[in-house]
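Read-outs throughout are calculated quantities, based only on the coordinates presented, and are distinct from any laboratory measurement. The shown structure was predicted, so the numbers you read here are calculated from the model rather than taken from an experiment. No Cβ is skipped: glycine too gets one built from the backbone with ideal geometry, and neighbour counts run over all protein chains shown.
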Amino acid sequence: GYICERKDLLVNGCCNVNVPSTQLYSCDTCLPNGCCSVYEFCVSCCLQPSKQHLLERFLNRAAIAFQNLFMAVEDHFELCLAKCRTSSQSVQHENTYRDPIAKYCYGEYPPELLPV
């Protein structure tokens with residue numbers, strides 16, 4: 001759930017939490033609907049403990065085929081990685097983002113369709 005600058009990464013790939021600029025559960029670049037313009041912030045925001053109930057509800061309501069994809073995840077982190085990746089729910093007409101700026105979404109509902 002930490003966000004940091006590349007120079008502040010430790011050799012194990014984790015953020016150095018002792019650097020003042022390192023942020024935990026940051027939702028910078030994210031909208032109230034759970035869509036963000038930066039993938040890393042999407043994952044960080046999604047990892048907030050308060051979001052876990054939302055993600056559990058999503059898994060419980062997912063269609064069988066969709067559920068098979070998400071049942072392969074083993075923890076909250078992997079679920080957030082999968083949810084924040086762009087998917088067919090992020091696009092319209094198969095080639096245009098519904099929201100070209102905030103295209104990484106962990107929320108329950110995809111962005112609204114853009115007018116044609």
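See the values below:
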item	result
Other-chain or far-sequence residues with amide H under 5 Å of residue 2's (modelled H)	25
Environment charge at residue 23 (Cβ cut-off 13 Å; Lys +1, Arg +1, Asp -1, Glu -1)	-4
Summed side-chain charge close to residue 45 - residues other than residue 45 whose Cβ falls under 15 Å, Lys, Arg +1, Asp, Glu -1	+1
